Amino acid sequence: MSKKPLILGIESSCDETAASIISENDQGNPIILSNIVSSQVDVHKEFGGVVPELAARSHIEKIDLIVQKAINDSKINIEEIDAIASTAGPGLIVCLSVGLSFGKSLALSLKKPFIAVNHLEGHALSPKLNSKLDYPYLLLLISGGHSQFLSVQGLGKYKRLGTTIDDALGEAFDKTAKILGVEFPGGPKIEIFAAKGNPDRYELPKPIFNKGGCNLSFAGLKTAVLKISKNLKNNQDKYDLAASFQKTIEEILQKKTKIAFQEFRKLNNNKKNIFVVAGGVAANKKIRETLLNLCNEESFIPIFPEKELCGDNAAMIGMVGLEKFKVNQFSKLDHPALPRWPLDKNAIFLKGAGVKL
Ligand code: KG4
Ligand code: ZN
């Protein structure tokens, strides 16, 4: 039996320092041998958001321990690693530089190939860690910095069908949380609040609901939440507002995903219709349920990552590393950290005032 590849994945693009060892089983399916994520929530809590310099300092303090723990937990020897994959973008440049430099240095000292990974491609491939997933598939990527519909044609081959023209969905959750006085990061807390509230209590806007194809917009929602929040009297009002906010998001995603289904079908005639939801917000139970029901109605096969793999982690970076390793897609050691690195390089920039839809 030939030796299975062993890939070390490293992630430091924002506020999680993470390392993971990935391999394959005899059937050729990926397996996670270790997956260590160290969150910096406590570092940033008092500031209500990620402070880049503090995040970078924290990555520097922890990266060697986290990588060491990932290697120890996987029970392999460091010399057995076949390639090292680090996130090279998009993200905060001071944060990216830590995991990127560490990965490059380790690759150089172990004399192993280095693989620069797009963080978004990590999210895109994350369901492969627990499900068999063939190309092409439709991806809804909903994280703290991105909200996009993409047709994933193959490794590194993406066609963007729609994107947010303002805030990312995770950002909208976090801003709503901040307005409701919830500590950063608020997305998961909004879900808990919403479970206790009446989703029909407040009417909130659905920007570009009836135009703009499967493009998305969430900034108007946050403004409406801010306005209503001035008149909240008690906790129940907060729960009702959280529930109304979440329900509005479900309705927007349902409508826009339906449009994305049509566009995906047109693009990939006669192929199996697979729908993947990934990124931090994909952990939201109600959103998953809504999209699952839509898949049943529209004959799409839903494939979602494990909840633990929705947020930022290094297993997904190792997953991309594994796929690239198998086709010898290695990177040079001068690969730069890229604050902006779109999956679809041909997609036009669709943000800010004056955007025509
Ligand atoms: O993918 P991710 O961990 O980091 C980025 O690449 O941005 O996504 C983080 C985002 C945050 O905005 C967080 O509030 C949101 O995902 N999030 C959630 C939930 N869990 C995380 N939003 C809504 N419901 C959740 N359960
Ligand atoms: Zn992410």
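The values are calculated or read from the model by the stated rules, or taken from the named source; none is laboratory data. Source: prediction; values computed, not measured. No Cβ is skipped: glycine too gets one built from the backbone with ideal geometry, and neighbour counts run over all protein chains shown. Only protein heavy atoms, including side chains, enter the accessible area calculation; ligands, DNA and RNA are left aside. Shrake-Rupley method; radii C 1.70, N 1.55, O 1.52, S 1.80 Å.
Quick look at the values:
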read-out: Nearest 10 degrees, 0 to 90: helix 219-229 Cα axis against the chain principal axis; value: 60 degrees
read-out: Val277 long-range amide H proximity, modeled H, under 5 Å; value: Leu140, Ile303
read-out: Cα centroid separation, the stretch 62-109 to the stretch 276-349 (Å); value: 20 Å
read-out: Lys3 paired with Glu61, simple spin-label distance in nm, labels 7 Å along Cα-to-beta-carbon; value: 3.7 nm
read-out: On Cα atoms only, tilt of 235-267 relative to the major axis of the chain in degrees; value: 60 degrees
read-out: Leu6 long-range amide H proximity, modeled H, under 5 Å; value: Asp82, Ala83
read-out: Candidates per trypsin sites (Lys or Arg not before Pro) in the stretch 203-299, loop by DSSP, up to 15 other Cβ within 10 Å; value: Lys211, Lys230, Lys233, Lys271, Lys272
read-out: Heavy-atom surface of the chain, accessible at 1.4 Å and reported per residue (Å²); value: 44 Å²
read-out: Under 5 Å, built H, 5+ apart or other chain: amide partners of Leu161; value: Phe149, Leu150, Ser151
read-out: Most mobile of Ala195, Ala282, Ala242 in a GNM of the chain (Cα contacts under 10 Å); value: Ala195
read-out: J(HN,Hα) series, the stretch 20-30, from Karplus relation 6.51 cos²θ - 1.76 cosθ + 1.60, nearest Hz, glycine and proline x; value: 8, 10, 10, 9, 10, 8, 5, 7, x, 8, x
read-out: Within the accessible area of the stretch 33-109 (1.4 Å probe), percent carbon and sulfur; value: 56 percent
read-out: Kirkwood hydrodynamic radius (C-alpha pairs) into Stokes-Einstein, the stretch 1-159, 4 °C and 1.567 mPa s, D in µm²/s; value: 78 µm²/s
read-out: Phi to ³J(HN,Hα) by Karplus 6.51 cos²θ - 1.76 cosθ + 1.60 over the stretch 207-213, Hz, x for Gly, Pro; value: x, 6, 5, 9, 8, x, x
read-out: In order through the stretch 339-350: 3J(HN,Hα) via Karplus (6.51 cos²θ - 1.76 cosθ + 1.60), integer Hz, x for Gly, Pro; value: x, 10, 8, x, 5, 9, 5, 8, 6, 7, 6, 10
read-out: Surface share of carbon and sulfur [accessible, 1.4 angstrom probe, percent] for the stretch 134-304; value: 49 percent
